[in-house]
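This report concerns only the one structure given below.
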Amino acid sequence: MKDLKKIKYLILDMDGCVYHPKYLKTLFGQVSTRMTEFISIKLDIDKIKAKEIQADYFYKYDTSLNGLMKNYPDLIDAKEFLKYVHNINYDCLEKDMELREELLKLDVKMYCATNGSKEHAINCMKKIGIDDLFEGKIMDIVDFQFKPKPNPESLKLMCDKFKIPTNEETVYIEDIAKNLSSDTAKDMTKVWFINDQPINDIQKYKYVIDYKIDNLALFLKKIRLLKEE
């Protein structure tokens, strides 16, 4: 087990991590519906077929957008897709003062890595009340040159930009266990935020998980208290 006392850097996924997985059905459910609509319109197919393609590409290419870009390069404008699918209502999210307090108390450099859009991440963080803590510290799928996690190049781009070490001094938290399998993250302290998403084959990816959590603020508090010993 890697030593949490050594943690100096924090990389957080957005959906299901910065905000709790309990909000995924409400919040990301809206994104999913918008994805289906976008695919239906662009490919001129009914929503049932569009939903099938959306799901198939997500599992096959790590994001539905990545699959669309590879299979329909002349039809899909990635930035248009991102703007369309993240045009949602964020009212289900609430201020998380406990998380804000722990982020402020924790003596680490913190960043957010998302396969979604930076605008979406900021909108979520504003509702939670932590956007000011991540200003200029978010990298999205555009910054990743449309190579979604767990592609090792995406996380490497982030680590190179912000000079984040790829060793156990960096804790990397994801709700999708597969994303922790990135070669760039192999020596990091890797944390899976427990959830029941169908994509999470924990038996397959258990080897990449150092810690499992169900409360981000409490886990950050644990790190802080260990570092203060």
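With (1) in contact (Cβ under 8 Å) with a residue 12 or more places away in the chain; (2) loosely packed, with under 13 Cβ neighbours inside 10 Å as the list, and Ile48 as the residue in question, which single condition is left unmet?
(1)
When the stretch 160-194 is examined, which residues are found to be among the charged types (D, E, K, R) and within 13 Å of the chain's Cα centre (by Cα)?
Matches in the stretch 160-194: Glu174, Asp175, Lys178.
Among the listed residues Thr114, Thr63, which satisfies the condition of being within 28 Å of Lys221 (Cα to Cα), buried (at least 16 other Cβ atoms within 10 Å of the Cβ) and at pLDDT 95 or above?
Just one listed residue meets the conditions, Thr114.
Residue by residue, here is whether (1) over 23 Å from Lys6 (Cα atoms); (2) touching a Ser or Thr at 6+ places or on another chain (Cβ under 8 Å); (3) crowded, with 18+ Cβ neighbours inside 10 Å holds:
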site: Glu101; (1), (2), (3): no, no, no
site: Leu104; (1), (2), (3): no, no, no
site: His120; (1), (2), (3): yes, yes, yes
site: Lys126; (1), (2), (3): yes, no, no
site: Gly129; (1), (2), (3): yes, no, no
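Taking the options Lys95, Lys79, name whichever one is surrounded by fewer than 18 Cβ atoms within 10 Å (Cβ to Cβ), assigned to a helix (DSSP H, G or I) and within 21 Å of the chain's Cα centre (by Cα).
Lys79
Within the stretch 153-169, identify whether any single residue is touching a Pro at 6+ places or on another chain (Cβ under 8 Å) and either polar (S, T, N, Q) or within 26 Å of Asp3 (Cβ to Cβ) (or both), and answer yes or no.
Within the stretch 153-169, one or more residues are touching a Pro at 6+ places or on another chain (Cβ under 8 Å) and either polar (S, T, N, Q) or within 26 Å of Asp3 (Cβ to Cβ) (or both).
Could you list, in sequence order, the residues of the stretch 51-76 that are touching a residue at least 24 places away in the same chain (Cβ under 8 Å) and not in a helix (DSSP H, G or I)?
Across the stretch 51-76, the qualifying residues are Asp62, Thr63, Tyr72, Leu75, Ile76.
Among the residues of the stretch 147-191, what is the count of those that are of a type in the set (Val, Ile, Thr) and closer than 19 Å to Leu220 by Cβ?
Residues flagged as of a type in the set (Val, Ile, Thr) and closer than 19 Å to Leu220 by Cβ within the stretch 147-191 amount to 6.
For the stretch 158-172, give me the residue count where each residue is surrounded by 17 or more Cβ atoms within 10 Å (Cβ to Cβ) and in contact with a strand residue (DSSP E or B) (Cβ under 7 Å, 6 or more places away or on another chain).
7
For a quick check of your reading of the model, give me the residue pairs whose first member lies in the stretch 8-32 and is modelled with pLDDT of 95 or more, whose second is crowded, with 17+ Cβ neighbours inside 10 Å and of a type in the set (S, T, N, Q), with beta-carbon atoms closer than 6 Å and at least 6 apart or on different chains.
Tyr9/Thr170; Met14/Thr114
The values are calculated or read from the model by the stated rules, or taken from the named source; none is laboratory data. These numbers come from a predicted model, not from an experiment. Ideal geometry is used to build each Cβ from the backbone, glycine not excepted, and the neighbour counts take in all protein chains shown.
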